[in-house]
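Worksheet: one structure, shown below.
The values are calculated or read from the model by the stated rules, or taken from the named source; none is laboratory data. As the structure is a computational prediction, the values presented were derived from the model and not from experiment. Cβ sites come from the backbone with ideal geometry, for glycine too, and all protein chains shown count toward neighbours. The area values use the complete protein model at the heavy-atom level, side chains included, leaving out ligands, DNA and RNA. Shrake-Rupley method; radii C 1.70, N 1.55, O 1.52, S 1.80 Å.
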Amino acid sequence: MGLSAAELQAALPYALQRVDLPNLGPKREGKVREIYEYEDSLILISTDRISAFDRVLGVIPFKGQVLNQLSAWWFEQTRDIVPNHLIAVPDPNVMVVRRANPLPVEVIVRGYITGVTRTSLWTLYAQGERRPYGIPLPDGLQKNDPLPYPILTPTTKAPSGAHDEILTREEILNRGLVSKDLWERIEAIALALFQRGQERAREAGLILVDTKYEFGLIDGELVLIDELHTPDSSRFWLAETYARGREPESYDKEFVRAWFAARGYRGDGAPPTMPEELIVAAAARYIAAYERLTGQPFVPGEQPAVTRIARHLERFKEEFLMPVSRRNK
Ligand SMILES: Nc1ncnc2c1ncn2[C@@H]1O[C@H](COP(=O)(O)OP(=O)(O)OP(=O)(O)O)[C@@H](O)[C@H]1O
Ligand SMILES: [Mg+2]
């Protein structure tokens, strides 16, 4: 299973930077995904862009496909917990979803105390904070220790370019970001999703360390949106490398984030250029995470991806998105 280093090396020139499909109307560009609106749906195209420190740092071949197909897989696995936005996967890099009104809160669940960024639990704890996100923590925790139980550490969903800010439950309710009833449901759903994710990860020899969920409302109904339990939205550790006092191998963005951090880059100014070895190693980890979690071999989509995506979306539009009145002619 997986792809060889030589295959990944050969794929470097094809890594998916951007996708422009003017036929689909105006495009909104996220850090990682290209977004087109179509009536009540969104077409989410996952590129191979990698972001960290709230910046795009380069491209990793097949990352977009891994993210898209892994999210789709998890959405199917968790339908019994909460409805989600997924409608169809017309291409390995594309998801058609129901458009929601996103709630202004990012719901982060953490099973371990770790991280190197400003809002990370370990960063705050190491600075002496014992009530990060309003949650009391005991003295004596070490980096990467499990928490007594998984905790929610919500942040604001900052507009493009801005940094997310830490929230507590009280602030969410007092600021009226989400109503009390809805927030209580979100907390319960987020913890249930996290438990499901941790169970599956354990079977796959991984540890789901922490993750981020986004929710939205569609016709007043609470729906899980965005991506789910991917190496972009989550930290995964290789279980066999986890031990107190050492850094576990990570199967997520932390791997790339650490390389930049080691060069003193924290998101300001032009990022250093990733060497090919780092890119290939990161691609291999993304693919390995996909294969371990889904138990399915990763089958790379035909390259170059842009023409393939355009073709698949044309076909999808013909078959599914055309107005019903014109369909049977
Ligand atoms: N069903 C949905 N309805 C509305 N918005 C959605 C839905 N699913 C995902 N989104 C939004 O689409 C965007 C996905 O793009 P991407 O992940 O590349 O952006 P980002 O880098 O996370 O954030 P930003 O948009 O601030 O750059 C996110 O802003 C996400 O909130
Ligand atoms: Mg995102």
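A few comments on the model shown:
- Evaluating 6.51 cos²θ - 1.76 cosθ + 1.60 at θ = phi - 60° for every residue in the range 80-92, the Karplus couplings come out as 6, 8, 7, x, 10, 7, 5, 10, 7, 10, x, 7, x Hz, glycine and proline recorded as x.
- Residue order by solvent-accessible surface for HIS312, HIS229 is HIS312, HIS229, largest first, with ligands and nucleic acids left out and a 1.4 Å probe.
- Protein-only accessible surface order, largest first, of THR47, THR168 at 1.4 Å: THR168, THR47
- Qualifying lysines (Cα of each under 26 Å from Cα of LYS31; at least 8 residues distant if same chain): LYS63, LYS157, LYS212, LYS253, LYS317
- Under a 5 Å amide H cut-off, with hydrogens placed 1.01 Å from N, ASP145 pairs with ILE113 among residues at least 5 apart or on other chains.
- Ligands, DNA and RNA left out, the accessible area of the range 18-61 computed with a 1.4 Å probe is 47% carbon and sulfur.
- Rg/Rh ratio calculated on Cα atoms of the range 1-108 (Kirkwood radius): 0.98
- Close amide H contacts of ASN84 (hydrogens built in the peptide plane, cut-off under 5 Å, sequence separation of 5 or more or a different chain): LEU224.
- The longest stretch of the chain left intact once loop-based GluC sites (Glu not before Pro) with at most 16 other Cβ atoms within 10 Å are removed from consideration, loops following DSSP, is 40-128.
- Within the range 7-41, trypsin sites (Lys or Arg not before Pro) in DSSP loop having at most 13 other beta-carbon neighbours inside 10 Å: ARG18
- Semi-axis lengths, largest first, of the ellipsoid equivalent to the range 145-259 are 28, 16, 14 Å, with √(5λ) applied to each eigenvalue of the Cα gyration tensor.
- Listed values for the range 115-127 are Karplus-derived 3J(HN,Hα) couplings in whole Hz (6.51 cos²θ - 1.76 cosθ + 1.60, θ = phi - 60°), namely x, 10, 8, 3, 9, 5, 4, 5, 4, 5, 5, 5, 7, and x replaces Gly and Pro.
- In Hz, Karplus ³J(HN,Hα) per residue of the range 137-151 (6.51, -1.76, 1.60; θ = phi - 60°; x = Gly, Pro): 10, x, 5, x, 6, 10, 4, 6, 5, x, 7, x, 7, x, 10
- Listed by chain and number, the aspartates and glutamates whose C-alpha is less than 12 Å from the C-alpha of LYS143, apart from same-chain residues fewer than 8 away, are GLU247.
- The chain: Cα Rg divided by the 2.2 N^0.38 Å rule of thumb: 1.00
- Considering only LEU57, ALA204, GLY295, the residue lying farthest towards the positive end of the dipole of the range 5-327 is LEU57, judged by Cα position with unit charges set on Cβ.
- Once all protein chains are placed together, ARG257 keeps about 40 Å² accessible to a 1.4 angstrom probe.
- Taking the alpha carbon gyration tensor of the range 214-323, multiplying each eigenvalue by 5 and rooting it gives semi-axes of 32, 20, 18 Å, largest first.
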